[in-house]
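J.: Handing you a structure now.
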Amino acid sequence: MWIFKDGYYKIEIENVEIKVSTKLIDENLITYDTWLNQTHSDKIYIIENIENIPKGNLDGDGIILKVKNLKARVKTADCYPVIILDIKNQIGGIFHIGWRGSYLRILEKAIKIFLNKFNSKNLIVIFGPGICSNCYEVKENLFSYFPREYFKYKNGKLFLDLLTYNLDILKSYGINDIILPFSCTYENPILYSYRRGESSRIYTILEIK
Ligand SMILES: [Zn+2]
């Protein structure tokens, strides 16, 4: 489960560490080894060889690590950082998922890589903080991207439930070992939120030790 420690929200499962930065952390002090130029795509990189580690300049929205002692970073503010773990095979993936990534079903693409390429069983999926369905106001143009069941009107405003949309993808693959966000970025004042007009980002970092 998520714990709050030293200015980070953290999860440790066996030798896997996931940490999510807050406003209490100076972003210049956060270290990581590989990261993405996030483009709201479904492009996923797989790093299996420590000799040839891509640093930045990766246009895409997912990194799967099959190497140890390498920190992979995703930046968000209202979009969801999502981690997929195959503890037995020591493989972890980290993904940036907003509405476009959800529409492109990047999570399904990632699950298929774990199942087909790595023959994973018993996947664990962890959602970091993102904007919740009570706060994520959208325009009706998104009706052409998602089924109506994921929308609701409240006081004449329209809201989209991206979390449930992605949870339903996981359920369709029989994945039930899921850790949910510890809070909503728009509601938690120590997390950065794009919708609150903040330009800094939350750093979510995955490392297999
Ligand atoms: Zn909220």
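The values are calculated or read from the model by the stated rules, or taken from the named source; none is laboratory data. What you are looking at is a predicted structure, and each value in this text was computed from that prediction instead of being measured. Because the Cβ atoms are built from the backbone with ideal geometry, glycine has one as well, and the counts that use them run over all protein chains shown.
J.: Of the residues Leu123, Leu104, which is farther than 28 Å from Phe4 by Cα, out of contact with any Cys (no Cβ under 8 Å at 6 or more places or on another chain) and aliphatic (A, V, I, L, M)?
T.: Leu104
J.: Given the criterion within 16 Å of the ligand (Cβ to nearest atom), farther than 19 Å from Tyr165 by Cβ and either among the polar types (S, T, N, Q) or at pLDDT 95 or above (or both), identify the matching residue among Ala72, Ala77.
T.: Answer to the check: Ala77.
J.: I would also like to ask the following. Which of the residues spanning segment 185-209 are acidic (Asp, Glu) and either outside any strand (DSSP E or B) or touching a helix residue (DSSP H, G or I) at 6+ places or on another chain (Cβ under 6 Å) (or both)?
T.: Glu187, Glu198
J.: Same structure, new question: Filter segment 174-196 down to the residues that are within 15 Å of the chain's Cα centre (by Cα) and away from the ligand (no atom under 16 Å from the Cβ) and list them by number.
T.: Ile178, Ile179
J.: Something else about it: Take Tyr136 and decide whether it is among the aromatic types (Phe, Trp, Tyr), in contact (Cβ under 8 Å) with a residue 24 or more places away in the chain and surrounded by fewer than 16 Cβ atoms within 10 Å (Cβ to Cβ).
T.: no
J.: Additional query: Of all residues in segment 18-28 being surrounded by fewer than 17 Cβ atoms within 10 Å (Cβ to Cβ) and of a type outside the set (S, T, N, Q), which is nearest to Ile91 (Cα to Cα)?
T.: If we take residues in segment 18-28 being surrounded by fewer than 17 Cβ atoms within 10 Å (Cβ to Cβ) and of a type outside the set (S, T, N, Q), then Glu27 is nearest to Ile91 (Cα to Cα).
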